[in-house]
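What follows draws every value from the coordinates through simple rules; no lab data is involved. Please read these numbers as outputs of a predicted model, since none were measured by experiment. Please note: Cβ atoms are built from the backbone with ideal geometry, for glycine as well, and neighbour counts cover all protein chains shown.
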Amino acid sequence: MKASWRTILLWAVPALVIGFFLWQGSFAPNPAAVSKNTASTRMTYGRFLEYLDANRVKSVDLYDGGRTAIVEAVDPELDNRLQRLRVDLPGSAPELVTRLRNSGISFDSHPARNDGAVWGLLGNLVFPILLLGGLFFLFRRSNNVPGGPGQAMSFGKSRARFQMEAKTGVMFDDVAGIEEAKEELQEVVTFLKKPERFTAVGARIPKGVLLIGPPGTGKTLLAKAIAGEAGVPFFSISGSEFVEMFVGVGASRVRDLFKKAKENAPCIIFIDEIDAVGRQRGAGIGGGNDEREQTLNQLLTEMDGFEGNTGIIIIAATNRADVLDSALLRPGRFDRQVMVDVPDIKGRLEVLNVHARDKKISDEVSLEVIARRTPGFSGADLANLLNEAAILTARRRKEAMTMLEIDDAVDRVVAGMEGTPLVDSKSKRLIAYHEIGHAVIGTLVKDHDPVQKVTLVPRGQAQGLTWFTPSEDGLISRSQIMARIQGALGGRAAEEVIFGDAEVTTGAGNDLQQVTGMARQMVTRYGMSDLGPLSLESQQGEVFLGGGWTNRSEYSEVIAARIDGQVREIVAHCYEQACRIMRENREVIDRLVDLLIEKETIDGDEFRQIMAEYTVVPEKERYVPQL
């Protein structure tokens, strides 16, 4: 793996410094030493004087300030050959030069070169230069890190991503299932492209559009489509990027953002997850977050303050509109609030068609069937569903997705990963009776949703599952709620009727929570009890700690006791009905349990066909949408 240039620099700088000083101290050349090393034979000073008296010395070179001499002399022991000898001279021998001059011997003095001072100066300069260079590169690197030391002076600058013409690759044709929201936002695009069409009749361009909806419904995707369609400068930022540790930074960033936007007007500013900065002010006990509230105040002023922001359209997205400050939601700031809700069956079909473009799908797969089976799925859920089906197809080494992979993907998305099937035992048989109890109630009670399938294959925390096909009607009748309560109690009723009261298990814990919740809502919210048409509890509790101080129970203890009595009465009545159905259909229940243990999964049509052989199955008004 190749190291980056910064890593190389990090290791190279210390290595160069250490190597330089080692070289300076141990391997730096000395001309005097080089010259002296050429004379390998030493001669004593006394013998040198004897050679001098005998006229055997031909030349003398003095080094190191007269402390060393290189002598060329004739050696009689070597047939009078000329030889270079090194002589260490005493420090106090001033008469030597006089004797050499009187004897007519050629001599020369070589002064010492001051190279050590030069190399020392260079050594003292090289290390600081290398250190400053390394700090310079590190400083440049920190400039690219958000919030790094290099950006200490740019805390107040906006971090919004700016594109002169946003090339998001997403157009309105790529957004499906939310036609009403698309129509609202297409008008915004028209405002930007042809404002004269609206100003000619006195219409005012909206200042802000707030996209509200559950997660995954396509709010950010809509903003990308607006950026792709409008062809105007586009700023995008998240609400959390305004708030920092230091007070005043968020407000400064808001000012800088709108300053840049005014310079590029007309333009669009998209703020994702605006609830991070736009929450209600003063909602906490003892004051709120000063930094966030200052940021919100600055945002309110920039959107509709004294100066105004003509030509700037703010688009914001949130899934918690209930926590936003009321000043942010008023006309003049966010003039339009567009609901981006989960799609209906027609919208889900359109979303599936969009996401199925790049998928290999078998001809037998019906996207309409998938759309009907996935009520409540958002656009992100449907995209994840097809992606999971594609992963299963690749894992099973198939060339195209079939209904089997899509069904398994739906089960995995809704209930979790598939577990290991239980071996045939008492526990498996008890679970089978529990699930068959749910399915029998769902089939024999007229107002209950039809059974889709029953399975003993564990998924997630559930050891077995019974799937129903819920209707998509917006309103639910009292008989439908009672039927759902009976269906949820079918598992516990089957356990008690078949195995006895002593053998009931904890498997109905989640069912009982749902039953209690539905029965209590019937009494306190929907007015479906003997207490009359009264709403005794609010739809949603306070989300702030401070908001609960003035919120108290609006009914007396007598009414509270009557509410508890009505809830128990509804649940007891439904449970009695469920036990009665279990006792009356014991024969078909036993057959269905044996079949379920053998096959582990029974389809809804097969289940109803077997039930019809033993009893009269009521005709259910199944929801068949018009596509």
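Using the Cα centre of the range 162-339 as the reference point, and only Cβ charges (+1 on K/R, -1 on D/E), how large is the resulting charge dipole? Debye, rounded to the nearest 20.
Magnitude of the dipole: close to 320 debye.
Can you put Val209, Val323, Val617, Val342 in order of Cβ neighbours within 10 angstrom, beginning with the fewest?
Fewest-to-most ranking of Val209, Val323, Val617, Val342: Val323, Val617, Val342, Val209.
When only alpha carbons of the range 345-415 are considered, Rg and Dmax amount to 10.9, 32 Å. Extension gain for the segment Glu187 to Glu600, taken as residue separation times 0.36 nm less the Cα-Cα distance, is 143.3 nm to one decimal. Taking 0.36 nm per residue of separation and subtracting the Cα-Cα distance, full extension of the segment from Asn102 to Arg397 would add 95.4 nm.
Taking amide H as placed 1.01 Å from N in the peptide plane, Ser238 has its amide H under 5 Å from the amide H of Asp272, each at least 5 places away in sequence or on another chain. Phi-derived couplings, Karplus 6.51 cos²θ - 1.76 cosθ + 1.60 at θ = phi - 60°, listed residue by residue for the range 260-266: 5, 5, 5, 5, 10, 5, x Hz, with x used for Gly and Pro.
Modelled spin-label separation between Val558 and Ala502, with each label point placed 7 Å from Cα along the Cα-to-Cβ direction: 4.5 nm. Excluding same-chain neighbours fewer than eight residues apart, the aspartates and glutamates reachable from Lys58 by a Cα-Cα span under 19 Å are Glu50, Glu72, Asp75, Glu77, Asp79, Asp88, Glu95, Asp108. Once backbone amide H atoms are built at 1.01 Å from N, Ile315 has Val209, Ile269, Phe270, Ile271 as its partners under 5 Å, excluding neighbours fewer than 5 places away on the same chain.
Taking other Cβ atoms within 10 Å as a rough exposure proxy, Met303, Met339, Met417 sort from fewest to most as Met417, Met339, Met303.
Couplings 3J(HN,Hα) of the range 102-111, computed from phi: 5, 7, x, 8, 5, 9, 8, 10, 10, x Hz, in residue order, whole Hz [Karplus 6.51 cos²θ - 1.76 cosθ + 1.60, θ = phi - 60°; x for Gly and Pro].
If we count every other residue with Cβ under 15 angstrom of Ser106's Cβ, Lys/Arg +1 and Asp/Glu -1, where does the sum land? Taking every Cβ under 15 Å from that of Ser106, the sum is +2.
Share of pairwise Cα-Cα distances greater than 27 Å in the range 162-339 is 23 percent (whole percent). With neighbours defined as other Cβ atoms within 10 Å of a residue's Cβ, the residues His573, His355 order from fewest to most as His573, His355. In this structure, the residue pairs whose Cα-Cα separation is over 24 Å, taken from Lys194/Lys260; Lys360/Lys453; Lys359/Lys398, are Lys360/Lys453. Taking amide H as placed 1.01 Å from N in the peptide plane, Asp75 has its amide H under 5 Å from the amide H of Asn80, Arg81, Gln83, each at least 5 places away in sequence or on another chain. Length gained on full extension, Arg608 to Val354: 88.0 nm, using 0.36 nm per residue less the C-alpha separation. Whole-Hz Karplus values for the range 432-437 come out as 5, 5, 4, 5, 5, x Hz, taken residue by residue from phi with 6.51 cos²θ - 1.76 cosθ + 1.60 and θ = phi - 60°; glycine and proline positions read x.
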